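The values are calculated or read from the model by the stated rules, or taken from the named source; none is laboratory data. Note that the coordinates shown come from a computational prediction; the quantities given were computed from them, not determined experimentally. Cβ: placed from backbone, ideal geometry, glycine included. Neighbour counts: every protein chain shown. The protein model used for the area step is the full one, side chains on, heavy atoms only, and it has no ligands, DNA or RNA in it. Shrake-Rupley method; radii C 1.70, N 1.55, O 1.52, S 1.80 Å.
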Amino acid sequence: MLTLQEKVSELKTRIKELRARYDLTQEELAKKVGVRRETIVFLEKGKYNPSLKLAYDVARVLKSKIEDVFIFDDR
Amino acid sequence: MEMTKMNKQRLILGTVVLLVAVVLLIFWKNAPDIIISGLMAGGLASTINGIYSHIRYGVQAESDERTRKISASAATYSWFMTLTFVGVSAYLNEFGLLETTVKNVLSNIILVMIGTLILFYAYFARKGE
């Protein structure tokens, strides 16, 4: 019998670190990408999976590639 | 504090509608109550909504992809709970366990719908994803 080993990935982000680099508050970043501050909070905590567009917009504002901002950790 | 365009429009619309209601009340002697009260309710709702949104959100986005997702999920679950409530009420009534009027049933449905919507929204907003 074949068994499938499920790979569960966890989202981690470097948003906080990159925000500090560019001296942006959560509110400023939220305003630049057109979302609520709470959404940035949830993104930083890895509790929210953004749409591709949102991920791209955040990465663009933080002058980084998407894969450098959002890291999927395979467990 | 700077006000968003949407909130400005709400305030203007609300004020205009209230003014129309007041003018009608003054110059139209036999104005039907339902029109006057409807206009006043609409005007007040728009004005209060504009003021509340301005105080609560300022120039932040009122909704974004995350809050829209949460709203959609909360509405879906709320509808399911409301339909369940309607079904249970109907069966209880059918077997004589619950005697009620149409007015009571309708008001209870509205209460369940709004109550569950608020609860599910709060739950999903805290949960993350």
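Tabulated data
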{"item": "Residue match in the stretch A:58-67 (condition: within 14 Å of chain B (Cβ to nearest Cβ) and of a type outside the set (S, T, N, Q))", "result": "yes"}
{"item": "Qualifying residue in the stretch B:74-85 (condition: modelled with pLDDT under 95 and either surrounded by fewer than 17 Cβ atoms within 10 Å (Cβ to Cβ) or not in a helix (DSSP H, G or I) (or both))", "result": "no"}
{"item": "Index of the failed condition, B:Ser63 passing every other in (1) among the polar types (S, T, N, Q); (2) within 14 Å of another protein chain (Cβ to nearest Cβ); (3) in contact (Cβ under 8 Å) with a residue 12 or more places away in the chain", "result": "(3)"}
{"item": "Top-ranked residue of the stretch A:14-49 - restricted to ones that are open to solvent by 30 Å² or more (accessible area, probe 1.4 Å) and in contact with a strand residue (DSSP E or B) (Cβ under 8 Å, 6 or more places away or on another chain), ranked as farthest from the other protein chains (Cβ to nearest Cβ)", "result": "A:Arg14"}
{"item": "Residues of the stretch B:92-122 satisfying the condition of being assigned to a helix (DSSP H, G or I), more than 14 Å from chain A (Cβ to nearest Cβ) and hydroxyl-bearing (Ser, Thr, Tyr)", "result": "B:Ser107, B:Thr116"}
{"item": "Close pairs from the stretch B:97-108: first farther than 17 Å from B:Thr82 by Cβ, partner surrounded by 10 or more Cβ atoms within 10 Å (Cβ to Cβ) and among the polar types (S, T, N, Q), Cβ under 8 Å, at least 6 apart", "result": "B:Glu99/B:Asn93"}
{"item": "Residue list for the stretch B:23-34, restricted to those being among the aliphatic types (A, V, I, L, M) and surrounded by fewer than 14 Cβ atoms within 10 Å (Cβ to Cβ)", "result": "B:Val23, B:Ile26, B:Ile34"}
{"item": "Some residue of the stretch A:58-65 being more than 26 Å from B:Val59 (Cα to Cα), free of Cβ contacts under 8 Å to residues at least 60 places away in the same chain and either in contact with a helix residue (DSSP H, G or I) (Cβ under 9 Å, 6 or more places away or on another chain) or loosely packed, with under 15 Cβ neighbours inside 10 Å (or both)", "result": "yes"}
